[in-house]
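Below is one structure, written out as structure tokens, with a few remarks after it.
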């Protein structure tokens, strides 16, 4: 069985077949080190915090039948336990561990005792704080069960199914009993269970789960949820899914819903669902996504803003929303085979997702700004947990609302499943990471220091089929990609964003892909008012930022311009957190704006001249910011032509 988060049962509507953690193994480099740290550092850190913040204790109390006592944390805290269990399951899919297996068994035993006889489980409801299914609009009951199902599916795909899978299946069965065939007309205010039910169908073959997933997609958008001060669009309940043209409302909810929409399409072939998901994805990427992969402009409602509403300093950019985009883009890639979805995954992973976690892998950002005007206090390393809106100057170890850390964990643990795919006639490599890829026609060994340098080497280790096609993604940002086979220039077919090499392969054949990545300046769409007149620095898939830690003492990043006519220079450094890093230097102008009046306004033509001096500006990868203490930071810099 393929050990991966998304494994379509039907092949009639998929362009590509996913590969599991046993087929794609990271072997070296930055991402492999993160996977190691995820296992050795983040997982025990998370388990300790789940005990400390009461999430596990809530379930223990439910198992003891305690009612009326204080429920610790948010009413949906069960989901943090379930996501952590899913992460551990994927870790066990990479390599066995007695300690991790014991953690799964212990937590599953707690959940088994908490689960009621008919399969229902929710520590908040069972604690007497609410009645079952009483407040679907706000209560997150189906959301929590959805995460439990995903943990159970991961366990089943990795181990063949143990008690965790049985707990999850029993919970799913009570949902089917109470909701299927429109026995209830409504759905959960937070989408999530839709994709989980489809995955459970894929594992079991029981179409009741698929049917309920489709029902929950169908009822959304018909005003089935209770009125809310953010409006029904917050819940994606204002417009039926098939009629929606743009992403609206709470960013994570919208993207999770669309994951379920694409999953239902992949099993049923209903084209209207795919068309809607593609329209909304295109709208997001054209008008509502930041360069660093952030989505969700507004703190209010954790929501998408209007088209081109992209303020760099006020952006919310929840980590979970970017993970949601990765999840959606992966499903659309499986459905269509189009490289633009892999491009989006790359942008998300190398930038905002990478920035979400400290280099020691035990600190996290909930929201991710593209500009920080002042140094904010460092996050507490012990004691009080920040709320999601506190946005401290460094990454806290946990949050009062702790959805993001376990979401990061499960993504890192399952990362191998997002790197490559197969078809009956070939292998497709979407992300360039040192790895072994066992894809049916052949086993490949991928060696690279990407994105530190531009070369990716793929060696054919074994061959099971003599003639097949190797497809290599050329990122949209790359111009002048070249490829050689056994040292000789090749002339591949370029299709859907991939260089396709078809030949009779032999063990030992070596392909070298070169993706030139000189530093470049990027500008935003002119309708993005908050970004007009600014530039950002990129190199390859990596977005850069200016951080006050690296600048000359005279440089105030709130009063600086970048001289765009001057060259950008690369520097390979080993003294930054996280190891080898390419930094970029540019020439800037440090402005002296002290002559401006206290009012801050002047008549055009009478404004004071901004004296300034040329300075060298040092840019570091955005994902490294705030790893050396609180700082001022900006991605988008006012441009000056001289």
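Each value in this text was obtained by applying a stated rule to the coordinates, not by laboratory testing. Small disclaimer: the values here were computed from a predicted structure and weren't measured. FYI the Cβ positions are ideal-geometry reconstructions off the backbone, even for glycines, and counts take in every protein chain you see.
Observations on the model:
- Each label was represented as a point 7 Å from its Cα along the Cα-to-Cβ direction; for residue 11 and residue 106 these points are 4.3 nm apart.
- The length gained by stretching the chain between residue 484 and residue 134 to full extension, at 0.36 nm per residue less their Cα-Cα distance, is 119.8 nm.
- Contact order relative to length of the stretch 168-236, as percent, for alpha carbon pairs under 8 angstrom and 6 or more apart: 35
- The Cα atoms of the stretch 520-640 give a gyration tensor whose axes a ≥ b ≥ c have a/c of 1.5 or more with a/b greater than b/c, which makes the shape prolate.
- Alpha-carbon centroids, the stretch 242-257 and the stretch 7-85: separation in whole Å: 24
- Between the stretch 454-503 and the stretch 338-362, the Cα center-to-center distance that results, in Å: 24
- Helix-only [θ]222 nm of the chain, DSSP H runs n ≥ 4, -39500 (n - 2.57) each, per residue, nearest 500: -9500 deg cm²/dmol
- Anisotropy class of the stretch 489-548 from Cα gyration tensor, a/c 1.5 cut: prolate
- By the beta-carbon count within 10 Å of each Cβ, the least crowded to most crowded order of 24, 512, fewest first, is 512, 24.
- Theoretical FRET efficiency, 1/(1+(r/R0)^6), r = Cβ-Cβ of residue 72 and residue 163, R0 25 Å, to 0.05: 0.50
- Separation in nanometres of the label points that stand 7 Å from Cα toward Cβ, at residue 95 and residue 183: 4.6
- Residues 70, 83, sorted so that the one with the fewest Cβ neighbours within 10 Å comes first: 70, 83
- Label sites at residue 51 and residue 375, each approximated as a point 7 angstrom past Cα along Cα to Cβ, lie 3.7 nm apart.
- Inter-centroid distance (Cα atoms) of the stretch 261-314 relative to the stretch 549-605, Å: 32
- When each of 632, 542 is scored by the number of other beta-carbon atoms lying within 10 Å, the sequence from fewest to most is 632, 542.
- Equivalent-ellipsoid semi-axes of the chain, from the Cα gyration tensor, Å, largest first: 39, 32, 23
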